[in-house]
Structure formats: structure tokens, C-alpha cells
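Asks: Here you go, one structure.
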Amino acid sequence: MPLMSWRRLSRLELVGESVRAALEEIAEADPSWLLPLIEPAWAKRYGRKVEIGKVAGGKAAVRERAEEFGRDGQKLLTAAWAADAPTRLRMLRQVEILRQVWLHQYHWDREGQLSWREGTALPPASLRFDSPYDTDAHYCVKRDVEWS
């Protein structure tokens with residue numbers, strides 16, 4: 001994605017688009033490996049660019065959608081790091097970006113469930129990135145002025 005067309009994605013769009021980008025790159029690199037992992041609902045969720053406006057249902061609906069993306073991304077990451085997975089899949093750029101986005105946006109809770117990070121549980125904005133296509137793009141706040 002050219003820098004000129006970059007826009008700051010919401011966190012929800014970021015995680016969804018990170019899954020989509022990893023799926024596309026894996027599909028190109030090793031479609032036969034990916035095929036058994038694909039769930040029927042993924043075509044609707046990741047078949048085109050993930051763009052999310054306002055989510056009806058408020059914070060609970062956002063969390064539910066984020067955790068849905070989280071389960072899908074975690075399924076991909078777990079499979080890519082499985083002992084029988086081709087090592088080259090772990091080296092794909094979008095798979096590595098997905099791994100980093102998951103470290104930034106999710107955590108394992110006390111019950112061992114993957115959970116969406118909130119507020120102070122997030123790493124500082126300067127350490128996160130806001131697009132799976134431009135990892136140098138960071139959103140930050142400086143002197144009470146927002147920059148992108």
C-alpha cells in the first residue's frame with residue numbers, strides 16, 4: 001500500500017486486516033497447507049478489505065468482534081508454528097506482522113483465554129504500528145496534539 005494512501009486504521013480494523021493480509025500471503029505461498037485451516041465464515045470476514053465503521057452494540061460488540069478476529073488469527077499463528085508446518089511460513093512478512101499485532105493487541109487471561117487488551121494493558125503507541133502494510137507508521141500523542 002503506497003504511503004500516500006495510508007490512513008490510520010482503528011484497532012479493530014488493524015487486527016482484521018492483519019489476519020486478511022496473512023491469509024493472502026499464505027494462500028500465495030502454500031495454498032494446500034492453508035486450505036484445511038479455512039473456516040466457511042472467513043470468506044465473508046476476510047474476502048475483501050476489512051473496513052469497520054461504527055459497531056452497533058457499543059463496547060461489548062467491539063470486544064466480541066475483536067475476540068472473533070483474535071481466535072482466527074491465533075488459529076493461523078498456532079498452525080504456522082506447529083512442528084509439522086513448513087518453516088518458511090513463519091518467515092513470511094505478513095505472518096510475522098500478524099504475530100506482532102497479536103502481541104500488542106491481545107493477551108492470555110487467567111483462564112487461559114485469548115483476550116482483547118484494553119487501555120493501560122496496551123503497549124505504548126510508539127511501540128505499536130497502525131497498519132499491517134506500513135509498520136513504520138505509528139500513531140502518537142505529543143503535547144496534547146495527535147499526530148499520525
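Yes or no, residue by residue, for (1) modelled with pLDDT under 95; (2) small (G, A, S); (3) open to solvent by 30 Å² or more (accessible area, probe 1.4 Å):
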| residue | (1), (2), (3) |
| --- | --- |
| D84 | no, no, yes |
| L89 | no, no, no |
| Q94 | no, no, no |
| R110 | yes, no, yes |
| Q113 | yes, no, yes |
| G119 | yes, yes, yes |
| L122 | yes, no, yes |
| R128 | yes, no, yes |
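Asks: Of L23, L9, which residue is within 23 Å of L92 (Cα to Cα), open to solvent by less than 40 Å² (accessible area, probe 1.4 Å) and either touching a Lys or Arg at 6+ places or on another chain (Cβ under 8 Å) or modelled with pLDDT of 90 or more (or both)?
Replies: None of the other options fit; the residue is L23.
Asks: What residue, among those in the stretch 42-60 that are at pLDDT 85 or above and open to solvent by less than 40 Å² (accessible area, probe 1.4 Å), is nearest to the chain's Cα centre (by Cα)?
Replies: Result: Y46.
The values are calculated or read from the model by the stated rules, or taken from the named source; none is laboratory data. Please read all numbers here as calculations on a predicted model, not as lab measurements. Reconstructed Cβ throughout: ideal geometry from the backbone, glycine too, with neighbour counts over all protein chains shown. Ligands, DNA and RNA are excluded from the accessible area calculation, which covers all protein heavy atoms including side chains. Shrake-Rupley method; radii C 1.70, N 1.55, O 1.52, S 1.80 Å.
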